1. Taking into account only those residues within segment 233-258 that are hydroxyl-bearing (Ser, Thr, Tyr) and away from ligand 1 (no atom under 12 Å from the Cβ), which is farthest from Val13 (Cα to Cα)?
2. Inspect all residues belonging to segment 99-110 and state whether any of them is part of a helix (DSSP H, G or I) and either farther than 28 Å from Pro252 by Cβ or touching a residue at least 12 places away in the same chain (Cβ under 8 Å) (or both).
3. Picking from Ala201, Ala191, which residue would you name as being out of contact with any strand residue (DSSP E or B) (no Cβ under 6 Å at 6 or more places or on another chain) and either within 30 Å of Pro311 (Cα to Cα) or of a type in the set (Ser, Thr, Tyr) (or both)?
4. Sort out which residues of segment 199-235 are under 15 Å from Gly313 (Cβ atoms), modelled with pLDDT of 95 or more and part of a loop (DSSP other than H, G, I, E, B), and write them in order of number.
5. Pull out all pairs, ordered by first then second residue, where Cβ-Cβ is under 6 Å, the residues are six or more apart or on different chains, the first lies in segment 227-254 and is under 18 Å from Ser26 (Cα atoms), and the second is surrounded by 20 or more Cβ atoms within 10 Å (Cβ to Cβ) and of a type in the set (S, T, N, Q).
6. Can you name every residue in segment 97-112 that is within 19 Å of Thr45 (Cβ to Cβ) and away from ligand 1 (no atom under 11 Å from the Cβ)?
7. Residues in segment 42-49: is at least one in contact with a Leu (Cβ under 6 Å, 6 or more places away or on another chain) and either assigned to a helix (DSSP H, G or I) or more than 15 Å from ligand 1 (Cβ to nearest atom) (or both)?
Amino acid sequence: MRLPGLTDPHVHVRDLQQSHKEDWFSATAAALAGGVTTILAMPNTQPPLVDEVALTQYEVAARARAACDYGIYFGAGPGNVGAAAGLASRSVGLKLYLDATFGDLKMSGLDALVAHCAAWPKDRPLVAHAEEQQTAAVILAAHLAGRSVHVCHVARESEIALIRSARERGLAVTCEVCPHHLFLIEGARPARQFEVVAKNARGWSGAYAEVRPRLQTQADVDALWTNLDVIDCFATDHAPHTITEKESTAPPPGFPGLETALPLWLTAVHAGLLDLDDVIARMHAGPRRIFNLPEQPATWVDLDAEATWQPIGAEQHTRAAWTPFEGWALRGRVTAVTLRGERVYDSGQILAQPGFGHNVVG
Ligand code: NCD
Ligand code: ZN
């Protein structure tokens with residue numbers, strides 16, 4: 001079976017100063033192994049991507065090392081409203097952190113939110129980590145500024161219900177969900193829909209189950225499945241941290257996800273929870289529309305849709321050598337990827353050279 005090249009609009013790459021977790025090559029290698037030919041990279045890096053110097057450093061690193069295509073988000077802060085807007089043409093979007101997470105980019109207060117909504121060009125994507133009340137705040141602030149907003153990693157019933165109401169009233173709100181919020185509940189236990197698939201799961205828990213937004217209840221998982229029609233994109237929020245860091249006294253939140261996402265969605269297709277067209281709409285057409293991404297000519301993903309396999313963290317391309325889905329019996333596996341006419345992945349091997357990837361805004 002063959003799919004078009006997929007896009008993941010929410011990936012944490014970790015170059016430059018946290019490359020022990022991931023760098024542009026390891027992140028894009030993990031992407032290709034998961035059938036993803038474009039990643040959009042988040043700005044909560046070290047150094048944080050909140051000024052032109054850091055953006056340039058990141059562009060240079062990506063040009064040298066990325067094996068698939070990519071875009072780079074700029075990070076909003078209280079003091080960079082004008083600078084951000086001035087660099088919009090070099091960024092795939094502006095990321096607003098309205099809730100606390102890994103890194104120091106949380107932006108408090110209404111003034112900065114309203115100022116960024118007004119200043120960031122209306123034809124460029126604005127994306128937000130905005131949980132619970134912040135979901136309402138960002139939707140209203142964007143609406144009053146006469147612009148659209150994309151809500152990242154929706155996890156709760158209350159949030160998807162709010163997004164549905166906003167959409168039904170014609171507001172320009174789009175959103176994404178992550179596999180872990182549809183396949184796992186608190187404690188990283190399998191959601192009811194996947195208990196059989198996960199019967200031999202290794203069962204990572206404790207710090208390994210920590211992610212932002214947190215894993216929620218079965219009712220929240222059910223609400224996301226029920227409201228798939230208002231979900232525009234599937235994103236991984238691929239947030240690699242090493243086993244040593246997860247075992248430490250201050251474990252960071254986040255899961256790797258690039259190499260398990262498509263197989264999880266295909267497993268859900270096999271279980272009758274969605275159609276293959278639903279997956280393509282959310283991993284190809286949806287992100288392309290929302291993030292204004294260019295076509296990738298002669299690009300496709302070959303799958304063995306029937307293969308049953310168990311992900312093994314240590315065998316992944318990501319430097320986070322674990323996965324919350326370790327031991328799950330997944331159905332469907334990427335066999336090869338062709339990007340712009342070149343075979344870039346084949347049977348576990350990355351064939352693309354570092355630097356093969358293009359910047360989608362470049
Ligand atoms: C992300 C990370 O590690 O960068 N962690 C997470 O739990 N999702 C941060 C984020 O996505 O906000
Ligand atoms: Zn994230």
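The values are calculated or read from the model by the stated rules, or taken from the named source; none is laboratory data. Computed from a predicted model, the values in this text were never measured in an experiment. Every residue, glycine among them, receives a Cβ derived from its backbone with ideal geometry; neighbour counts consider all protein chains shown.
1. So the residue we want is Thr249.
2. yes
3. Every option except Ala201 fails the conditions.
4. If the condition is that a residue be under 15 Å from Gly313 (Cβ atoms), modelled with pLDDT of 95 or more and part of a loop (DSSP other than H, G, I, E, B), then Asn200, Ala201 are the ones that fit.
5. That search, which allows pairs on different chains as well, returns Pro240/Thr318.
6. Within segment 97-112, Asp104, Met107 meet the criteria.
7. No, there is no match, as no residue in segment 42-49 is in contact with a Leu (Cβ under 6 Å, 6 or more places away or on another chain) and either assigned to a helix (DSSP H, G or I) or more than 15 Å from ligand 1 (Cβ to nearest atom) (or both).
Let's see how each residue does on (1) modelled with pLDDT of 95 or more; (2) in a helix (DSSP H, G or I); (3) crowded, with 20+ Cβ neighbours inside 10 Å:
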position: Val269; (1), (2), (3): yes, yes, no
position: Gly272; (1), (2), (3): yes, no, no
position: Arg289; (1), (2), (3): yes, yes, no
position: Asp302; (1), (2), (3): yes, no, no
position: Phe325; (1), (2), (3): yes, no, yes
